[in-house]
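Visitor: One structure, as structure tokens, below. Some questions next.
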Amino acid sequence: MAGAVNRLPSTDLYFLNAMAPWVRPRFGLRWGMRDRPIRAVGANAFVAGDAFVLIRQDTPDVMRAALDWRGSMVYVIDDDVAAGAVCPLLPDGYRARLARFERAFHRHLLARADIVLAASDVLARRLAQDRAGPIARIDPVWRQAAADGAHFAPLARGAPLHIVQLGSASHRGALAATAPIMREVLDRHAGITFTYFSPRTIDGGLERHPRARRVEPMTWPEYQRWMGRNRFHLGLYPLAQTPFDRARSASKLSEHAILGAAALCPQGWPPAQGRQGVLLAPDRPEDWGEIIVQCIHRRDELQWIRQSFSKSQPCVRPFAVQQEMWKRILPIGQW
């Protein structure tokens, strides 16, 4: 918790991607920016008039400033931190960091905030148990557009079907469950590739497989560049059956669309329920083998499934919707 922190992906997704035109940077102020009504006071913290906005967390000094702020304080949170602090499926170091943050700041920020913005309905209901103040929903906004689908054309000529499983260290539990399934799928089905994210070996056979690729963790700018260079046909998003995973936001649905992949998600995950163009799998990742094989056999349908998801997006103007929400919350007038 000590020292400087980098700008979090959450800060882009829940604030800066939509609100950058209103924000003065912390350093290197250029001509024409001095009258912008929001100023950055940390990597993930902003002030507009008498309102203080904190996205997830920042340095201890910045978070103490948020707790001591005399005006309105808005706290944006996209994970169930308290659940993660005791989740046995998370890596030890990650769980310990969440536990320290929860004890030192998170619980106090929830109590202090005048408004809490939660990134999923499940998370909003969970946080409502810990505070009496207002809790509103916020959805992520990505700068990148959905892929155009041109990468599906080679499938008809026998090109490989590219499958991806996105995730960070916090997704390790679900990846550990699907890794042996994907090793068996690759062994039994030619013309399939599998790309997955993990800082270390999850399954020895998968690690050695010639059509599997393990991607090391990236910085946020590196990951966005990687998304621009890569395309997939099917995206797996298994979730462990834990309170932490059940509270996740819908952000991965947008990531799969940017990569051009039809998304396969747990049937009990609320963001996937009732959504056209989202493939549904059993809730337990250990039970995904059969549905993945079905998707492989139905590869010619994946493009249309992906397209139907893009057409069924509940919000066709996500930038404008998030901007309007922030303009209602923050005192930035008609700038």
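The values are calculated or read from the model by the stated rules, or taken from the named source; none is laboratory data. None of these values were measured; they are calculated from a predicted model. We place every Cβ from the backbone using ideal geometry, glycine too, and count neighbours over all the protein chains shown. Accessible surface areas use protein heavy atoms only, side chains included; no ligands, DNA or RNA. Shrake-Rupley method; radii C 1.70, N 1.55, O 1.52, S 1.80 Å.
Visitor: Could you figure out which of (1) touching a Leu at 6+ places or on another chain (Cβ under 8 Å); (2) in contact (Cβ under 8 Å) with a residue 40 or more places away in the chain isn't true of Ser10?
Guide: (1)
Visitor: Tell me yes or no: at least one residue of the range 31-38 is in a strand (DSSP E or B), hydrophobic (A, V, I, L, M, F, W, C) and at pLDDT 95 or above.
Guide: Within the range 31-38 (the criterion being in a strand (DSSP E or B), hydrophobic (A, V, I, L, M, F, W, C) and at pLDDT 95 or above), the answer is yes, since at least one residue qualifies.
Visitor: Within the range 107-141, count every residue that is in contact (Cβ under 8 Å) with a residue 60 or more places away in the chain and basic (Lys, Arg).
Guide: The total comes to 1.
Visitor: If you go through the range 268-291 one residue at a time, do you hit one that is touching a Gly at 6+ places or on another chain (Cβ under 6 Å) and not acidic (Asp, Glu)?
Guide: no
Visitor: Can you run down the residue pairs with Cβ atoms below 9 Å, 6 or more apart or on separate chains, where the first is in the range 191-206 and in contact (Cβ under 8 Å) with a residue 40 or more places away in the chain and the partner is open to solvent by 20 Å² or more (accessible area, probe 1.4 Å) and not charged (D, E, K, R)?
Guide: Ile192/Pro160; Ile192/His162
Visitor: Return yes when Glu290 is out of contact with any helix residue (DSSP H, G or I) (no Cβ under 9 Å at 6 or more places or on another chain) and within 26 Å of Ile181 (Cα to Cα) and no when it is not.
Guide: Here the answer is yes, as Glu290 does meet what is asked.
Visitor: Any chance you could count how many residues in the range 240-255 are at pLDDT below 95, farther than 12 Å from Ser120 by Cβ and either part of a loop (DSSP other than H, G, I, E, B) or of a type in the set (D, E, K, R) (or both)?
Guide: Number satisfying all stated conditions: 3.
Visitor: Something else: Output the residues belonging to the range 104-118 that are assigned to a helix (DSSP H, G or I) and more than 13 Å from Gln57 (Cα to Cα).
Guide: Across the range 104-118, the qualifying residues are Ala111, Arg112.
Visitor: Scan the strands (runs of 3 or more DSSP E) fully inside the range 126-236 and keep the ones with 3 or more residues being open to solvent by less than 50 Å² (accessible area, probe 1.4 Å) and not charged (D, E, K, R).
Guide: Passing ranges, in order: 161-165, 192-197, 234-236.
Matching residues to (1) modelled with pLDDT under 95; (2) in contact with a helix residue (DSSP H, G or I) (Cβ under 8 Å, 6 or more places away or on another chain); (3) of a type in the set (A, V, I, L, M, F, W, C):
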position: Asn44; (1), (2), (3): no, yes, no
position: Asp50; (1), (2), (3): no, no, no
position: Pro60; (1), (2), (3): no, yes, no
position: Leu67; (1), (2), (3): no, yes, yes
position: Asp92; (1), (2), (3): yes, no, no
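Visitor: Can you tell me which of (1) within 19 Å of Ser251 (Cα to Cα); (2) free of Cβ contacts under 8 Å to residues at least 60 places away in the same chain is the one Met227 doesn't meet?
Guide: Just one mismatch for Met227, condition (2).
Visitor: Looking at (1) free of Cβ contacts under 8 Å to residues at least 40 places away in the same chain; (2) out of contact with any helix residue (DSSP H, G or I) (no Cβ under 7 Å at 6 or more places or on another chain); (3) under 29 Å from Arg225 (Cα atoms), which is the one condition that is false for Leu98?
Guide: That leaves (2) as the condition not met.
Visitor: Output the residues belonging to the range 70-84 that are surrounded by fewer than 20 Cβ atoms within 10 Å (Cβ to Cβ) and either closer than 23 Å to Pro25 by Cβ or within 25 Å of the chain's Cα centre (by Cα) (or both).
Guide: Of everything in the range 70-84, those that are surrounded by fewer than 20 Cβ atoms within 10 Å (Cβ to Cβ) and either closer than 23 Å to Pro25 by Cβ or within 25 Å of the chain's Cα centre (by Cα) (or both) turn out to be Gly71, Ser72, Ala83.
Visitor: Can you run down the residue pairs with Cβ atoms below 6 Å, 6 or more apart or on separate chains, where the first is in the range 39-50 and in a strand (DSSP E or B) and the partner is of a type in the set (Gly, Ala, Ser)?
Guide: Going by the 6 Å Cβ cut-off, the qualifying pairs are Phe46/Ala40.
Visitor: Could you tell me whether Ile305 is over 25 Å from Ala240 (Cβ atoms), open to solvent by less than 50 Å² (accessible area, probe 1.4 Å) and in contact with a strand residue (DSSP E or B) (Cβ under 6 Å, 6 or more places away or on another chain)?
Guide: no
Visitor: Further question on the same structure: Restricting the first residue to the range 142-156 and requiring it to be over 23 Å from Asp300 (Cα atoms), which pairs with a second residue that is among the charged types (D, E, K, R) meet a Cβ separation below 8 Å and a spacing of at least six or different chains?
Guide: Trp142/Glu255; Arg143/Asp12
Visitor: Kindly establish whether Val62 is free of Cβ contacts under 8 Å to residues at least 40 places away in the same chain and either under 22 Å from the mean Cα position of the chain (by Cα) or buried (at least 16 other Cβ atoms within 10 Å of the Cβ) (or both).
Guide: Taking the combined requirement at face value, the residue satisfies it.
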